[in-house]
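A.B. asks: Quick one: the structure is below, and I'll ask about it shortly.
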Amino acid sequence: MSTLHVISHSPFGDNRLSSCLRLLGSDDGLLLCGDAVYALQPGSAPLASLQASNLQGRLFALEEDLNARAISAGETTRAIDYPGFVALSLNYDKVNSWL
Amino acid sequence: MKFAIAVFSPAHAPSSRRALLFAQAALAGGHEIVRLFFYQDGVHSASANVVAPQDELDVAGQWRSFITEHQLDAVVCIAAALRRGVLNAEEAQRYQRPAVNLPAPWELSGLGQLHEGAQSADRLMCFGGD
């Protein structure tokens, strides 16, 4: 059973992202939205941990939140809009929001 | 496909707006929303007394029009609402409070409605935090 994990908190304020990466199954996906897109900031420790987690094809970020913070998705992350978010939630068996 | 959407944040939080944009995109994509459930501070997203600053989006107002336009089942958790002063006419009278800020299209009900919504939907989407 695959799960889409959704994180919206900044990785610089708490441990949600590192906890999530520890629990992430091999079929699971990760969507960054809101301040969580700061994890993609070049040269940062959160980006290094994302890159070390073998997330090719299953790391996503909300395009609007990237644009609002002038952060680019980079090679490992796919930027999605809201219709893409809806479609993504249906590609996984469950959606788990890290509230 | 069927979605149940739970909102845990007030209208001024970015996550309340994300929930609204997700809900709009779901309907636009031909999907169904079986229930919207407003829990914890999410009950403030339902308050009719929210006044957004003129240069900001009125997300509470957008929720209200969206729900009315599409005749959605929008449930506000009664326990979370009472403790935050979000009352419909019946509860304002019951507890003798001076104001009502939860008119239609919202409905006050219990947490069981979230459970039931999650059971009848293909996906439960939760939005909260910032």
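A.B. asks: Once the cut-off is 21 Å, how many percent of the Cα-Cα pairs in chain A end up in the long-distance tail? Please report the intermediate quantities before stating the final value.
C.D. replies: Values: 1063 of 4851 pairs.
Percent of Cα pairs beyond 21 Å in chain A: 22.
A.B. asks: Which value in deg cm²/dmol, rounded to the nearest 500, describes the helix-derived mean residue ellipticity at 222 nm for chain B, given -39,500 (n - 2.57) per DSSP H run of n ≥ 4 and division by the residue count?
C.D. replies: Rounded to the nearest 500, the figure is -10500 deg cm²/dmol.
A.B. asks: Here's something else I'd like to know. With a cut-off of 8 Å between alpha carbons and a minimum separation of six or more residues, what is the relative contact order of chain A in percent?
C.D. replies: Values: 161 pairs, mean separation 36.8, N = 99.
Relative contact order here is 37 percent.
A.B. asks: Express in whole angstrom the spacing between the alpha-carbon centres of the range B:81-105 and the range A:44-99.
C.D. replies: The range B:81-105 and the range A:44-99 have Cα centres separated by 40 Å.
A.B. asks: Would you mind telling me which residue in B:Glu69, B:Glu107, B:Glu56 has the biggest mean-square fluctuation in a Gaussian network model of chain B, where springs connect alpha carbons within a distance under 10 angstrom?
C.D. replies: Per the Cα network of chain B with a 10 Å cutoff, B:Glu56 tops the list.
A.B. asks: Which order do the peptides A:22-32, B:29-39 take when ranked by the mean count of other beta-carbon atoms within 10 Å per residue, highest first?
C.D. replies: B:29-39, A:22-32
A.B. asks: Let me have the 222 nm mean residue ellipticity of chain A computed from DSSP H runs of 4+ only, each contributing -39500 (n - 2.57), with the sum over all residues rounded to the nearest 500.
C.D. replies: Roughly -8500 deg cm²/dmol at 222 nm, from the helical runs in chain A.
A.B. asks: Does the range B:75-119 come out rounded, prolate or oblate, given a ≥ b ≥ c as the square roots of the eigenvalues of its C-alpha gyration tensor, rounded meaning a/c under 1.5 and, failing that, prolate meaning a/b above b/c?
C.D. replies: The shape class here is prolate.
A.B. asks: Once R0 is set to 30 Å, what does the formula 1/(1 + (r/R0)^6) return for the Cβ-Cβ distance between A:Thr76 and B:Glu32, expressed as a FRET efficiency to the nearest 0.05?
C.D. replies: That pair, A:Thr76 with B:Glu32, gives E of 0.35.
A.B. asks: With N residues in the protein assembly as shown, what two-decimal value do you get for its Cα radius of gyration over 2.2 N^0.38 Å? Don't skip to the end; give the middle numbers.
C.D. replies: On the way: Rg = 18.2 Å, N = 229, 2.2 N^0.38 = 17.3 Å.
For the protein assembly as shown, the normalised Cα radius of gyration is 1.05.
A.B. asks: What dipole magnitude, in Debye to the nearest 20, does chain B give about its Cα centre under +1 on Lys/Arg Cβ and -1 on Asp/Glu Cβ?
C.D. replies: Computed charge dipole of chain B: roughly 220 debye.
A.B. asks: Could I ask something else about it? log10 I(q)/I(0), Debye, Cα-only the range B:2-127, no solvent, q = 0.14 Å⁻¹?
C.D. replies: Debye curve over Cα of the range B:2-127, log10 I(q)/I(0) at q = 0.14 Å⁻¹: -0.55.
A.B. asks: Also, I was wondering about something else. Using a Gaussian network model on chain B with a 10 Å cutoff between Cα atoms, which of B:Pro14, B:Pro105, B:Pro53 fluctuates the most?
C.D. replies: B:Pro53
A.B. asks: Choose one answer from A:Ser49, A:Ser72, A:Ser19: the residue with the largest mean-square fluctuation in a GNM of chain A with alpha-carbon springs under 10 Å.
C.D. replies: So, out of A:Ser49, A:Ser72, A:Ser19, the one fluctuating most is A:Ser19.
A.B. asks: Then there's this: Mind checking the dipole of chain A: about its Cα centre, +1 per Lys or Arg Cβ, -1 per Asp or Glu Cβ, Debye to the nearest 20?
C.D. replies: Once rounded to the nearest 20, the dipole reads 200 debye.
A.B. asks: Further question on the same structure: Where Rh denotes the Kirkwood radius from the mean inverse Cα pair distance, what is Rg over Rh for the range B:1-73?
C.D. replies: Rg divided by Rh gives 0.95.
A.B. asks: Divide, for the range A:39-78, the radius of gyration over alpha carbons by 2.2 N^0.38 Å, where N is the residue count.
C.D. replies: Cα-based Rg divided by the globular estimate yields 1.09.
A.B. asks: I've got another one for you. Suppose each label sits 7 Å from its Cα in the direction of the beta carbon; what would the B:Glu90-B:Val51 distance come out to in nanometres?
C.D. replies: About 3.0 nm, to one decimal.
Each value in this text was obtained by applying a stated rule to the coordinates, not by laboratory testing. Since the model is a prediction, treat every value here as computed from it, not as a measurement. Please note: Cβ atoms are built from the backbone with ideal geometry, for glycine as well, and neighbour counts cover all protein chains shown.
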